[in-house]
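The values are calculated or read from the model by the stated rules, or taken from the named source; none is laboratory data. Owing to the predicted nature of the structure, the values given are computational and were not obtained by experimental measurement. Glycine also receives a Cβ, built like all others from the backbone with ideal geometry; neighbour counts cover every protein chain displayed. The protein model used for the area step is the full one, side chains on, heavy atoms only, and it has no ligands, DNA or RNA in it. Shrake-Rupley method; radii C 1.70, N 1.55, O 1.52, S 1.80 Å.
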Amino acid sequence: MIYTFVLVVHSWLRWVVLLLGLAAVVRSARGWAQKGPWTDADRKIGAAFVGSLDVQLLLGLLLYVVLSPVTPGSLAALRAAMPISALRFFAVEHIFLMVVAVVVAHVALARAKRAQTPTAQHRRMVLGALFALLLVLAAIPWPSLPYGRPLFRLP
């Protein structure tokens, strides 16, 4: 029961992460192109993107480490699981790419805050958020993939 609940929340939160990431990229790209000021709203949208990634990572780790019925078997026989794309994706690729995306987003926001000019702040945020967003997109189990999951999981 708890597994299903957390899985549904994790599935739906992906859309929040994607929308906030897109908003951070668009906002910073516009600020960079127009040489606009780095505003409190820019900082807040970047922080919201990073925060949503953090919550998503925590839910994912809860699924991965505690609740998943598949992960213990995949990790116990990792060598045997590697040739099976679905097991490899969820045991290694998904978690690795998502952790890297979270780190990239955190570094981008921190570097943007410390930059000396608004243009540099926007440039650092747009490049970091875009890279993090691309990593997230690559790590989502899209329905068209062999190990795909539904776009909108229901309980």
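A few points about this structure:
- Any hit, the range 140-148, residues being in a helix (DSSP H, G or I), farther than 17 Å from residue 26 by Cα and open to solvent by less than 40 Å² (accessible area, probe 1.4 Å): no
- Residue match in the range 2-10 (condition: within 13 Å of the chain's Cα centre (by Cα), modelled with pLDDT of 95 or more, in a helix (DSSP H, G or I) and within 16 Å of residue 153 (Cα to Cα)): yes
- In the condition set (1) in contact with a helix residue (DSSP H, G or I) (Cβ under 7 Å, 6 or more places away or on another chain); (2) at pLDDT 95 or above; (3) closer than 28 Å to residue 2 by Cα, residue 15 is compliant with all but (1).
- Enumeration of residues in the range 18-41 that are touching a His at 6+ places or on another chain (Cβ under 7 Å) and outside any loop (DSSP other than H, G, I, E, B): 28, 31, 32
- The listed residue being in contact with a Gly (Cβ under 6 Å, 6 or more places away or on another chain) and hydrophobic (A, V, I, L, M, F, W, C), out of 101, 108, 77: 108
- Test for residue 79: is it under 19 Å from residue 130 (Cα atoms), part of a helix (DSSP H, G or I) and open to solvent by 70 Å² or more (accessible area, probe 1.4 Å): no
- Residue match in the range 90-111 (condition: in a loop (DSSP other than H, G, I, E, B) and at negative phi): no
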